[in-house]
1. Any idea how many residues of the stretch 165-189 are part of a strand (DSSP E or B) and under 21 Å from GLY220 (Cα atoms)?
2. Out of everything in the stretch 202-229 that is outside any loop (DSSP other than H, G, I, E, B) and within 13 Å of the chain's Cα centre (by Cα), what residue ends up being nearest to LYS92 (Cα to Cα)?
3. Within the stretch 210-230, is there a residue that is over 29 Å from ASP67 (Cα atoms), touching a Phe, Trp or Tyr at 6+ places or on another chain (Cβ under 9 Å) and among the small types (Gly, Ala, Ser)?
4. Do we have VAL30 as buried (at least 16 other Cβ atoms within 10 Å of the Cβ) and in a strand (DSSP E or B) here?
5. Being at positive phi, of a type outside the set (A, V, I, L, M, F, W, C) and at pLDDT below 95 is true for just one of GLY21, GLY27, GLY34, GLY5. Which residue is that?
6. So which residues in the stretch 126-182 are in contact with a strand residue (DSSP E or B) (Cβ under 6 Å, 6 or more places away or on another chain), farther than 21 Å from TRP197 by Cβ and charged (D, E, K, R)?
Amino acid sequence: MKAEGRTTPPYPKKRRDIGIGAKPLPGAEVILDGTRKLLDDKWTYWQGPRFRSALPIKWQVVQDPVDGGTCVQTDDPAAAGGLYGAADIVTKRAYRDFRLHIEFWIAKPGGNSGVYLQNRYEIQICDGDRTTHGLGAVINEQPAPYHAYHGLGKWNAYDIVFRAARFVGGKLVEKARTTIYLNGQKAHSDVPINQVWGGADSGVDGGNDGGRGITDTPQGLKLQCEGHDVRYRNAWIKELNLDKTGTDF
């Protein structure tokens with residue numbers, strides 16, 4: 001029974017722009033929709049030092065195992081055995097500051113992939129690992145928000161705001177920063193990203209000064225193929241101009 005003179009406070013509304021099924025924001029570009037056409041139109045291989053595949057992209061368009069329709073599978077024989085860098089795909093378009101939404105599905109324990117912001121900074125996709133090398137981690141720097149993971153055989157979603165490193169006269173003056181939600185729960189709040197990890201085979205600038213030699217160049221979004229069945233759908237990105245340092249949203 002409601003006390004006299006009181007009103008029940010409204011429950012906060014669930015945000016529609018984050019989490020599974022989030023629709024593209026106005027002005028956003030859809031970069032994966034589960035079709036072969038968009039995969040070929042928007043993406044190509046990253047031809048890094050370890051590249052072993054060849055166009056057309058060998059990743060497969062397969063049935064969505066949960067909701068019907070189709071999704072994109074990280075299936076390229078060149079990456080068999082975990083040969084990272086052999087068959088990663090990257091957007092043809094480069095981005096500086098942006099807001100990203102992407103959904104992923106892992107088939108088996110340990111399945112490994114990753115979302116690379118600016119083809120530099122990996123946000124890990126790895127079942128079963130709760131460390132700074134685990135799912136949702138800003139790799140080797142921020143811990144995995146494993147409590148928010150939906151688990152194997154279920155769709156998960158990253159929502160990310162990324163602010164690129166800033167330079168003056170060619171010198172790095174501000175590190176890249178990011179805020180990340182996993183499945184609608186805030187995982188990392190405006191954290192700096194210190195370097196590229198994994199060496200030259202991992203991403204752009206990975207071979208510069210041990211990954212600390214970041215250059216002043218926008219780069220594409222990259223998805224890693226490491227010989228595991230990981231699938232992607234509903235990916236969109238919106239370019240931003242983050243003059244201020246904060247990435248919170």
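The values are calculated or read from the model by the stated rules, or taken from the named source; none is laboratory data. In this text the structure is predicted, and so the values were computed from the model without any measurement. Because the Cβ atoms are built from the backbone with ideal geometry, glycine has one as well, and the counts that use them run over all protein chains shown.
1. Step one: list which residues in the stretch 165-189 are part of a strand (DSSP E or B), which gives 166-168, 171-174, 176-182, 185-189.
With under 21 Å from GLY220 (Cα atoms) added as a condition, the list becomes 166-167, 172, 174, 176-181.
So the count comes out to 10.
2. Of the stretch 202-229, the ones outside any loop (DSSP other than H, G, I, E, B) are 209-211, 219, 222-223.
From what's left, within 13 Å of the chain's Cα centre (by Cα): 222-223.
Numbers: LYS222: 10, LEU223: 12 Å.
Selected residue: LYS222.
3. So the first thing to find is which residues in the stretch 210-230 are over 29 Å from ASP67 (Cα atoms), and the list is 210-219.
With the extra rule that they be touching a Phe, Trp or Tyr at 6+ places or on another chain (Cβ under 9 Å), the set shrinks to 211, 214-216, 218-219.
Next, only the ones that are among the small types (Gly, Ala, Ser) stay: 211.
Checking the stretch 210-230: at least one residue is over 29 Å from ASP67 (Cα atoms), touching a Phe, Trp or Tyr at 6+ places or on another chain (Cβ under 9 Å) and among the small types (Gly, Ala, Ser).
4. Working: buried (at least 16 other Cβ atoms within 10 Å of the Cβ): no; in a strand (DSSP E or B): yes.
So VAL30 fails the test.
5. After applying the criteria, what remains is GLY5.
6. The one that is in contact with a strand residue (DSSP E or B) (Cβ under 6 Å, 6 or more places away or on another chain), farther than 21 Å from TRP197 by Cβ and charged (D, E, K, R): ASP159.
This table checks each residue for (1) surrounded by fewer than 22 Cβ atoms within 10 Å (Cβ to Cβ); (2) among the β-branched types (Val, Ile, Thr).
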position: ASN140; (1), (2): yes, no
position: HIS188; (1), (2): no, no
position: ILE193; (1), (2): no, yes
position: PRO218; (1), (2): yes, no
position: ASP229; (1), (2): yes, no
position: TYR232; (1), (2): no, no
position: PHE249; (1), (2): yes, no
